[in-house]
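To start, the structure under review is shown below, and the notes come after it.
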Amino acid sequence: MQLRAALVTPVPNFFVRSHAPVPVIAADAYRLHVDGLVDQPCTLTLEELQQGFPVHTVTATLQCAGLRRRELTALEPIDAAEIVWDTDAISTARWTGVRLSDILRRAGVQPAAAHVGFLGLDQVAKTQDGLGGSIPLAKALEDDVLLAYGMNDAPLLPIHGYPLRALVPGYIGARSVKWVGRITLQVAPSTNHFQARAYKLFPSSVRAETVNWDEGEMLGVLPINSFITSPQAGVLPTNETRRGAVLVQGIALAGGDAVIERVELSNDSGQSWTAATLTSPPQQWMWCFWEATCSLSPGSHELVVRAFDSAGHTQPMHLADVWNFKGYVNNAYHRVRISV
Ligand code: MTE
């Protein structure tokens, strides 16, 4: 799969991450329950969701918190239960659905509510429950947070959450709960396993044997990231190094609701940097493609990329700065060693 082949990823190429088998849900049997701290708890059918609220479309990148985990395993092993993702747990789609805020306003949010919990209709063997999680109410009320039923102008496929999923742009993928069956307004974050234990960030000193699961930071907003998609590490074929010029291409994603401002590439392990060209317009919620041509003498070189966003953020320099035993949110400078 060519990650950078299109700005909007064709559905067959979109990454998939599911913690349980895909539930089989018939459209006419589907119900969304809205409860908790609301004036009018309600139950909505798919048809009511599709016909009763304005349609909203958002183009947004979805990124798993485990993106670039493989690089972290080079420092020290990561929890064996985790998928060893490279740079492939990221894709972009045009999502269509209803604004979560429209549903919440219809239900009437009570003043004590501070978090919006989602619960999926899947059955995770380990927890005997669906995958759930929550986002702060302020985020839930943003215009581009959706309950999506469409992906790239077609109905969601079952693997991507048919008939309805949350779409929380700028947040780790786990908060975009698929097959969402219940939305609960609550005082505190969700106590579901995937919010209260998994998808938590621990300091680098913590190991699986010593972890206190009540500690750690619940992941939410994604940090800025960028990485090289080509060339891959190794020896370059001679046709790619004609006259010593190598085309380097990659992807950058701003943190949270920011936009990418600049991407820089180094061909000498970070001693000197040049600006890469952004080949797609930087846009909120969406990845941005970049490229640069490097002149390289025969020999071994370490290419390094780093990005800057409109919130003034850039990436940490070293993998050791971000290592954590679950291998989440690696956004260190991305390094690729090549020989010319
Ligand atoms: N929602 C449910 N109900 N069950 C899941 O296993 N996986 C989450 C999220 N939503 C998941 C879920 C994770 S970890 C990610 S990264 C995204 O869905 C992946 O969405 P995708 O499979 O459509 O790419």
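The values are calculated or read from the model by the stated rules, or taken from the named source; none is laboratory data. Because the structure is a prediction, the values reported are computed rather than measured. Glycine also receives a Cβ, built like all others from the backbone with ideal geometry; neighbour counts cover every protein chain displayed. For accessibility, only protein heavy atoms count, side chains too; no ligands or nucleic acids. Shrake-Rupley method; radii C 1.70, N 1.55, O 1.52, S 1.80 Å.
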Problem set entry | Per-region count, the stretch 290-318, residues open to solvent by 10 Å² or more (accessible area, probe 1.4 Å), in a strand (DSSP E or B) and within 10 Å of ASN225 (Cα to Cα) | 3
Exercise. What pairs can you find where one residue is in the stretch 14-28 and surrounded by 16 or more Cβ atoms within 10 Å (Cβ to Cβ), the other is among the polar types (S, T, N, Q) and modelled with pLDDT of 95 or more, and their Cβ atoms are less than 8 Å apart, with a gap of 6+ or different chains?
Worked result: PHE14/SER91; PHE15/SER91; ALA20/GLN123; PRO23/GLN123
For this session: Answer yes if at least one residue in the stretch 180-196 is at positive phi and in contact with a strand residue (DSSP E or B) (Cβ under 8 Å, 6 or more places away or on another chain), and no otherwise.
Result: no
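Yes/no matrix, rows are residues, columns are (1) within 14 Å of the ligand (Cβ to nearest atom); (2) closer than 18 Å to LEU100 by Cα; (3) surrounded by fewer than 18 Cβ atoms within 10 Å (Cβ to Cβ):
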| position | (1), (2), (3) |
| --- | --- |
| ASP144 | no, yes, no |
| ASP153 | no, no, yes |
| ALA166 | yes, yes, no |
| VAL177 | yes, yes, no |
For this session: Count, please, the residues in the stretch 62-82 that happen to be within 15 Å of the ligand (Cβ to nearest atom) and either open to solvent by less than 20 Å² (accessible area, probe 1.4 Å) or touching a Cys at 6+ places or on another chain (Cβ under 8 Å) (or both).
Result: 8
Seminar exercise, completed: Scanning the stretch 16-61 residue by residue, the ones that are hydrophobic (A, V, I, L, M, F, W, C) and either away from the ligand (no atom under 16 Å from the Cβ) or touching a Ser or Thr at 6+ places or on another chain (Cβ under 6 Å) (or both) total 12
Problem set entry | Every pair of residues 6+ apart whose Cβ atoms lie under 6 Å, when the first sits in the stretch 281-302 and is of a type outside the set (D, E, K, R) while the second is loosely packed, with under 15 Cβ neighbours inside 10 Å | PHE289/THR279; THR293/ALA245; THR293/LEU247; SER295/GLY244; SER295/ALA245; LEU296/GLY244; SER300/SER339
Exercise. Could you say whether any residue in the stretch 92-108 is touching a helix residue (DSSP H, G or I) at 6+ places or on another chain (Cβ under 8 Å), surrounded by fewer than 22 Cβ atoms within 10 Å (Cβ to Cβ), modelled with pLDDT of 95 or more and farther than 25 Å from ALA27 by Cα?
Worked result: no
Seminar exercise, completed: Listed by first then second residue, the pairs whose first member lies in the stretch 181-192 and is within 30 Å of ASP28 (Cα to Cα) and hydrophobic (A, V, I, L, M, F, W, C), whose partner is open to solvent by less than 50 Å² (accessible area, probe 1.4 Å) and in a loop (DSSP other than H, G, I, E, B), with beta carbons under 7 Å and at least 6 positions apart or on separate chains, are LEU185/LEU37; LEU185/ALA113
Problem set entry | Residue in the stretch 181-222 that is most open to solvent (accessible area, probe 1.4 Å), counting only those that are within 19 Å of the chain's Cα centre (by Cα) and away from the ligand (no atom under 16 Å from the Cβ) | GLU217
Seminar exercise, completed: Being among the acidic types (Asp, Glu) and touching a helix residue (DSSP H, G or I) at 6+ places or on another chain (Cβ under 8 Å) narrows ASP88, ASP143, ASP122 down to just ASP143
For this session: Would you mention how many residues in the stretch 98-109 are in contact with a His (Cβ under 7 Å, 6 or more places away or on another chain) and either within 16 Å of the ligand (Cβ to nearest atom) or not aliphatic (A, V, I, L, M) (or both)?
Result: 1
Problem set entry | Options ALA125, ALA148, ALA93; residue that is closer than 23 Å to PRO23 by Cβ, within 14 Å of the ligand (Cβ to nearest atom) and over 17 Å from the mean Cα position of the chain (by Cα) | ALA125
Exercise. Does LEU137 fit the bill of being within 16 Å of the ligand (Cβ to nearest atom), open to solvent by less than 40 Å² (accessible area, probe 1.4 Å) and either hydrophobic (A, V, I, L, M, F, W, C) or under 25 Å from THR59 (Cα atoms) (or both)?
Worked result: no
